[in-house]
Each structure stands twice: as structure tokens, then as C-alpha cells.
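The values are calculated or read from the model by the stated rules, or taken from the named source; none is laboratory data. Since the structure is predicted, the reported quantities are computational estimates derived from the model, not experimental observations. Don't worry about glycine lacking a Cβ; one is built from the backbone with ideal geometry, like all the others, and counts go over all protein chains shown. Please note that ligands, DNA and RNA were not included when accessible areas were found on the heavy atoms of the full protein model with its side chains. Shrake-Rupley method; radii C 1.70, N 1.55, O 1.52, S 1.80 Å.
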Amino acid sequence: MEVASSRSSNLIFDPLHQDSFTASLKILIKIIGTCIGPQAKLKLLRHEEGGSVILTSSSQRLFQFISVKNIFSKIIISAAKSQLKSFNDGGLFCVILILKTIHHALSSESPLPIIGTIYEYYATLYIECLNYTDNLCVRNVDFSNFLHLRSIVHSILSSKPGCVLTLENKNHLTNLILEAYLTIVPPPSTLLDDYNIRILNLESFNINHSKLFKGVLIPLSKVDGNCFQNKRNENGPFRIVLFTTSLAGDADLPVKHLEISTSFSVADFILKYLEGIIQKVILGKYDFLFCQKVIHPKLKKQLRNAGILFLDRLGVETTKYIQIISGGSANTSLASEISYGTVSSFKIEEIERKTFLLLNNEEIPVVSLVLGHYNAEASKELQVVCRQAISALFRILKSNRVCLGGGCTEVYTAHLWSTKVKSRWTTIQNEMGCTQGQLQESYSLFLKSVTDVCVANHQGSQLDFVTEHVHGHLWKMRDDQFPSGDDQCACGFNIASDIDSWSFLSDIGKSSLNSEAKTAENCKSHDLLVLDELSCKASAFTLAFETASLLLRSSVCVNNLH
């Protein structure tokens, strides 16, 4: 490692080989690698200054709290956050693939920029094979086959041990999530999304008592519940005025010039202006006034005297769903004309000794999923995972494609990729300007990175798994014995009874797949399969390979630049 210093900067050559990064890399591999899959280990994270503590193995929660100092590690974590922002899932997969790709590349004696350039070419071929029309692990979803949708949801719920779910819990939640999905999306609608499904957590009650409600649930106090109960006999529709700005006198007012004197009270002026807005609401004969923030006590009294029900301190989340179900625009400014929305009906719901207002609109399908759990941290984890499952279902509605999970798609695609790469050795060498040795070494390292990620999902090593050339799937060995009889592959699609030859993952590419094999004949159709949503997986692969290749080609790091 060479370091060149100046007054304004510190130049580090070959930065990926410096001790600070390799140490950070090993720590991240240990943390992230043990967070993946059904057998993952939970991580207890505490803020360095104390206070907040979480227990999780979910990428959504993990990357909110985890912090790194090394600039390359920050880029890796940033890539995962980009994946989560777009797909709400796949963050751990993306990071571990980046880490493994760089980790194996560092063991090479070839210059890293050359490895990174070759990886970029290999990655393009791998993604092509993943999206290949003849990739037998990629399927179009049959929406008439309910088993496909159940498998997707069940696979996601099973992948997060932090939720602490039994098989009965998983089946119950799978039914609720699918019911919510089918309520929102009567085929072939593609206009709605997962924002039409609200998820609420209630602690200290059985998961199997989780319920689905048609409409938007809003937490209420007992007093507010009684007020709404008295108005329930009236016929709808009901008009709702929704404010996102404060009605307590602390919001900015639309005043161009304001002169202050000893005889003038700013507080009285603001309150008088707000009273004018409330009078417009009263004269407009609206039914409800909801406020994201706070309503002044004097304004509450005027609304109460006029028979207009109100709620304040709703927060951003509840306000969003009220706006969705009412179909109106929220009032974000005190200067604009009053906007409103409508709901068809409302009623009071008592759930586990807590009171809720349930708003419903016959024209806008919205549902509320109430999740129960005895454990506070597991409850938070469950909410994240259920949202991931719902998001995956809506992506499938648009893409209509899934792939077999458990690592089988990755291994099968590696078989296809290996065949394609070896058929292009000469072309790749000419384009890359590298030696045959560098090309073959990069091939082995790239393949090992992909297969490492496959077995990481099972918290195992490559020696614990094998593949074959009939189906090209991933299989787990039992007590150092090859699979046999009714043993299933990692995705549960094939059984081992018709396979008489096995090979280790490092031997992928030494012989071709049997293209005439009919995988479907060995499918145990009565079982739930392990399925993944394809667009999320393809995005994670693409982002991971791009990030790893970019970092490997970074030959100089500039620190302390002023």
C-alpha cells in the first residue's frame, strides 16, 4: 500500500487492500452473513449514546441503525438502502453479494481493476441468464393457482426468525395478507398499490387473533369513541376536512406585512384568523375535521358546539390513510380554499380493549391489517415483514414473474452462465485485454461468490451442499450423505429419487445440464414451494455486481480533501 500526502489531501493507492477496509469487510460479512435466511441470528443494536435498542435480522431495520466509518463500507451500505428504497426487500442479499464478491477478489494476485472489469462482463451475462426465457427456475405466475401466491407470502414470513412465528401463525398471517391483497386488487386492476393496506401493531395478544378490517382504523380515546358513537345513526356520506398544518396558532400565517405595537396581540390575531377558518368549516356543514397536528382548545369548543366531530394529533401515517380513503386533498396551507373528502360510513371497533374509529368508502378499497404479538420487538419485526410480503404481491401483479427460492435459481442460473462464459472465452479475452489465467481465475472467484451467497441463506458452507446436472438445483447433504429418496431440493420443487450423480458447487460448469430434463414431473404440487419475486432479486443482483465492480476498479482513495 502506498500513501502520498499533501497539505490538502491524503492519497491512498490500492485502498481495498488497506487494513482498515479488510477489517471492516470481515466484520460486515460476519454481521450480515448471519442475518440471512430462516436460521439467521438476531442482532441487538444499541445507539452509541445509549437509549434506543432494537433486536432484528431484517435489512429494513438493521440498516437504519448500523453505522460504519470506512468510506467503502459506507458505499456498500448505501447500495443496500437504494435496493430497499426501490423494493422494500433484498437489502441483505445485495450487501452479502457485494461483500463476498470483493472478499474473494482480494485473494487474487491479479490487479483488482482488471478483476473488476472482468466481473462487469460476467455480471452482464449472469443477469442475461437470470432473465433468459429458457431459465426453468423463472415462472410466470398463474393467478388462478392460489398456491403460487401462498408460497410467495409463506416464503417471506419464513425467512425472518425475528418474528417468532409457528407454522400455525404463518398460515393465519398468510391467509390475512392474501385476503387483504385480493380485496384491494380485484383482477385485472393494476392501478392500486400496497399503500391501500394499512398495518397496525397491537402488543400483548395472540398472533392468531390478528384481524383484517375493511376501511381505515384510527386509534381513539374512550371519550372520542363515545362522541363518534352518538353520531353513528346518521346517514352518509360524511364529509371530512383534513388539515396537515397546525390549528393551534403555531403555524405560519399568510400575512405579508405585520406591524406590532403595545396595543396589538399577535396571539389574538392568529387565533382570530383560525376562528375564521373554523367558521368556514361550520358554515360548510362538514361532518368531521381531522388534524395531523394540534387544534386549539377554543377552536375545539366551537366545533363541538356546532356538532362537528374532530380529532387531532393524528400523525403523518394516520393522516396519509385518511386522505387515501376520503379521496380528497389535505389542507396543507391556512391560506387556501378548504378542500374535503368523503367516506361512506364509519363505526366504532373495540379490539383487545382498545377503541378505534373505522372509516369506510365503498368507492375506494382500503383495508387495515391488525397484527398481534406478545413481544414488542417481534411485533415491530412482523410489521416490516408483512409489508415486504404485501409489496412483493403488488410487484408480481405488474411483472407476473417469480423464481424458485432457497438458492435454486442462483445455482441453476450459474449452470447456464458457466456454459455461456466458456463458449466465449476467446471473445471475452480479446475484449478485456487480459490473460487466459486472469480470465479463468476471475471465473472461479465470481462463481464462488454467487454460490457462497446461496449457502449463506441456509447458514452453511459450500461443503454442506451439492448440485446435479438433471435439474441444476441446490441440495443440502444430510450427515455427509448425498440426497436420496424423497429428499427435496432447497426450493422444494424436485425430489432426489431420479438423480444418480451429484457434484459439489465448485464443479459447476464441468459438465452441461441435461436440457431435456422435465422438472415438473417431480414437483410435489401439494406442498408450498419456496418462491421469490423476480424483479427484486434481479435488481439486487444488478446493484450488487455494479457496486462490487465499481469498488474493485477504484485504485486511488483521496482522504481529508479540503
I'd like to check something: does region 309-329 contain any residue that is more than 16 Å from Cys291 (Cα to Cα) and aromatic (Phe, Trp, Tyr)? no
Identify all residues within region 72-84 that are open to solvent by less than 30 Å² (accessible area, probe 1.4 Å), without any contact (Cβ under 8 Å) to a residue 60 or more places away in the chain and of a type outside the set (S, T, N, Q); write none if there are none. Ile77, Ala80, Leu84
Taking region 302-314 and keeping residues surrounded by 11 or more Cβ atoms within 10 Å (Cβ to Cβ) and assigned to a helix (DSSP H, G or I) leaves Gln302, Leu303, Arg304
When the residues of region 155-177 are filtered to those that are among the aliphatic types (A, V, I, L, M) and part of a loop (DSSP other than H, G, I, E, B), which remaining residue is surrounded by the most Cβ atoms within 10 Å (Cβ to Cβ)? Leu165
Taking the condition of being within 24 Å of the chain's Cα centre (by Cα) and either in a helix (DSSP H, G or I) or under 30 Å from Leu552 (Cα atoms) (or both), how many residues in region 129-149 meet it? 6
Surrounded by 16 or more Cβ atoms within 10 Å (Cβ to Cβ), part of a strand (DSSP E or B) and under 34 Å from the mean Cα position of the chain (by Cα): which single residue out of Cys386, Cys491, Cys403 fits that description? Cys403
Which members of region 502-523 meet the condition of being at pLDDT 85 or above, out of contact with any Lys or Arg (no Cβ under 9 Å at 6 or more places or on another chain) and either outside any loop (DSSP other than H, G, I, E, B) or farther than 19 Å from Thr451 by Cα (or both)? Phe504, Asp507
Complete set of residues in region 307-336 that are aromatic (Phe, Trp, Tyr) and in contact (Cβ under 8 Å) with a residue 60 or more places away in the chain: Tyr321
Test of understanding: among Ile118, Ile152, which residue is part of a helix (DSSP H, G or I), touching a residue at least 40 places away in the same chain (Cβ under 8 Å), open to solvent by less than 50 Å² (accessible area, probe 1.4 Å) and over 26 Å from His471 (Cβ atoms)? Ile118
Just need a number here: residues in region 315-354 that are outside any loop (DSSP other than H, G, I, E, B) and not aromatic (Phe, Trp, Tyr). 22
Given the criteria among the aromatic types (Phe, Trp, Tyr), open to solvent by 20 Å² or more (accessible area, probe 1.4 Å) and touching a strand residue (DSSP E or B) at 6+ places or on another chain (Cβ under 9 Å), does Tyr340 qualify? yes
Need pairs with beta-carbon distance below 9 Å; first residue closer than 18 Å to Gly472 by Cα and within region 439-452, second of a type in the set (Lys, Arg); sequence gap 6+ or separate chains. Lys448/Lys100; Ser449/Lys100; Val450/Lys100; Asp452/Lys100
Can you find, within region 203-233, the residue that is nearest to the chain's Cα centre (by Cα) among those that are part of a loop (DSSP other than H, G, I, E, B) and touching a residue at least 24 places away in the same chain (Cβ under 8 Å)? Ser210
Tally the residues that are of a type in the set (Asp, Glu), at pLDDT 65 or above and within 21 Å of Glu337 (Cβ to Cβ), restricting the search to region 238-262. 0
Restricted to region 368-379, and to residues that are surrounded by fewer than 21 Cβ atoms within 10 Å (Cβ to Cβ) and not small (Gly, Ala, Ser), which residue is farthest from the chain's Cα centre (by Cα)? Tyr374
Does at least one position in region 85-101 carry a residue that is farther than 23 Å from Cys491 by Cβ, surrounded by 19 or more Cβ atoms within 10 Å (Cβ to Cβ) and not aliphatic (A, V, I, L, M)? yes
When region 440-482 is examined, which residues are found to be closer than 13 Å to Gly406 by Cβ, not polar (S, T, N, Q) and not in a loop (DSSP other than H, G, I, E, B)? Val453, Cys454, Val455, Ala456, Phe465, Trp475, Lys476
